[in-house]
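One structure is given here, and the rest of the page talks about it.
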Amino acid sequence: MLGPSSVHESTSRSRSGPVHRMPKVLGEPSTFDVVVVNVDNGNVKIKAIGGDTHLGGRDIDDRLSDHVSKTIYQKCGEDCMATRRNKAKLMQKVEEMKIELSNSLETSVYIGDLFSDIEEEIKIKREKLESLCEDIFVKTIELTKRTLSDANMSPNDIKEVLLVGGSTRIPRVQKLLGDLFPNITLNQTIDADEAVAYGAAIRAAQIDGIIRAEISLTEATPLSLGTNIMGNRFSEVIPRNSGVPITRKASYRTVENNQSAVTFNIYEGVRPIITYNNHLGKLRVGDLDMGEAGSQCVELTMSLDRNGILSVYAEYKDRMEHMTINYADVRKSCARSVEQMINDAERFRNSDEAETKRLARRVDLHEILQRVEYRLDRVNGDNRKKLSDKKSEVQQWYDSNPQASTIDIEMQIDALTQTCRDIL
């Protein structure tokens, strides 16, 4: 778990200028966190947050326990997982072995501690643990690189890597980190098992006035905040990893002729398809002036404060609609976790990009259809019938083919555009 300790403790020393630090947390029961922070004379600004809540020390224990359990079964015919008591004993022994292998090249488990009638032991070498868990170790490095990328930084930009969590003691983890940050000596000054307690104690002392040193922490948004736009797409207003507090604005135009209202559905997420993001609330602006699609503009403002309150304003001419969302509370109840959403965004990046392009071209076709419909009255005679027939033909195709490919959509755009050029 990442607590205040991994950030606050790292600011206890005076610095003459800003320093980019990376607290790296790999601990129990099963969580891995990476945070990139900028530290400047007591001011701590979170630049990026990453990790995986389903990856951590417990995963390493599980790999080792599976190996030991299978070895005991093959050697002695006993099932360590048959009872809760034996399973609990095995997990305790495995954790001890993992710790021992961080300090020595070989360790052993006495089977008699699990089954009293067996006088044997199993030896495990460090290299075996590393081979069993190499994919876990490599994944932590991949997540670290991704977090650096989110912060728009390279390993050379980081001045200090702070290790927090018992599993950061594993030599293979430290070796991979050392390879990623070759010019940095990994900081292991914080007791890996007591880091969270340190942070909690420091924070309590600050609140009680025992410690008067000013430490300013600027947090970052874990996900992007934005709204839905036509085509089932997500329009980002506040980017992910933005420092808090933050205010951002974006302008949106009507998409239908004589559109009388706009509803902004507010979402958090990182994927361009709105369906895969978390819905937070909605804000409606009505009584828009009649006119051609795109003629009316509504300005949307989002403001997130330090207390996790998201204020949303929609301004149209001299009118303002407003809503507030307790984002800190809503975030806790969202069905999709931050890590899950970020991992899915990476996993489906290529398919999302292709679908976003397809939807964008479909919206382009819709806009042309709206424009033709609105301006049709300006055309007379045979040209009007020709344009109206073509518009009806394309409109029918548009309505009947919601899943049409990008190429097919572009063919319809070209055909309708050519007719418009010939007439208009």
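Where a number appears in this text, it was derived from the coordinates with a stated rule and is not lab data. The model shown is predicted, which means the values in this text are computed figures rather than measured ones. Cβ coordinates were reconstructed from backbone atoms using ideal geometry, including for glycine residues, and neighbour counts include every protein chain displayed.
Considering every Cα-Cα pair within the chain, what fraction, in whole percent, is farther apart than 40 Å?
Roughly 39 percent, once rounded to a whole number.
Where a Cα-Cα gap under 27 Å defines reach, which lysines qualify for residue 390, not counting those fewer than 8 residues away within the same chain?
Qualifying lysines at Cα under 27 Å: 357.
Give, in nm to one decimal, the length gained when the segment between residue 423 and residue 188 is fully stretched (0.36 nm per residue of separation minus the Cα-Cα distance).
Value of the extension gain: 77.2 nm.
Over the chain, with a Gaussian network built from C-alpha contacts below 10 Å, which listed residue (181, 348, 32) shows the highest mean-square fluctuation?
348
Using a Gaussian network model on the chain with a 10 Å cutoff between Cα atoms, which of 144, 83, 301 fluctuates the most?
In the Gaussian network model the winner is 83.
Using a Gaussian network for the chain with springs between C-alpha atoms less than 10 Å apart, which of these wobbles most: 231, 112, 291?
112
What is the dipole size for the chain, taken about its Cα centre, with +1 at each Lys and Arg Cβ and -1 at each Asp and Glu Cβ, in debye to the nearest 20?
Here the chain has a charge dipole of around 780 debye.
Angle, helix 381-400 long axis vs. longest principal axis of the chain, Cα atoms, 0 to 90°, nearest 10?
Helix 381-400 sits roughly 20 degrees off the main axis of the chain.
Give the lysines reachable from residue 47 as a straight Cα distance under 19 Å; neighbours fewer than 8 places away on the same chain don't count.
Result set, ordered by chain and number: 24, 145, 159.
For a label point 7 angstrom out from the Cα of residue 79 toward its Cβ, which stretches of the stretch 109-151 have the backbone nitrogen within less than 17 Å?
Hits in the stretch 109-151 for residue 79 at 17 Å: 115.
Given R₀ = 45 Å, FRET efficiency for residue 197-residue 70 by Cβ-Cβ distance, to 0.05?
0.80
How would the stretch 279-424 be classified by its alpha-carbon gyration tensor: rounded, prolate or oblate, with rounded meaning a/c under 1.5 and the a/b versus b/c comparison settling the rest?
Oblate shape, in that a/c is at least 1.5 and b/c is the bigger or equal ratio.
Mind pulling the angle between the C-alpha long axis of helix 126-150 and the longest principal axis of the chain? Nearest 10 degrees, somewhere in 0 to 90.
The helix 126-150 is inclined about 30 degrees to the chain.
Residue separation times 0.36 nm, minus the C-alpha to C-alpha distance between residue 347 and residue 375: what's the value?
So the chain would gain 5.7 nm between residue 347 and residue 375.
Give me a comma-separated list of calculated 3J(HN,Hα) values for the stretch 372-379, in order, Karplus coefficients 6.51, -1.76, 1.60 applied at θ = phi - 60°, integers in Hz, x for any Gly or Pro.
With the stated coefficients, the stretch 372-379 comes to 5, 4, 5, 9, 4, 5, 7, 9 Hz.
Can you tell me the length gained on complete extension of the stretch residue 305 to residue 99, counting 0.36 nm per residue apart and subtracting the Cα distance?
Taking residue 305 through residue 99 to full extension adds about 69.9 nm, to one decimal.
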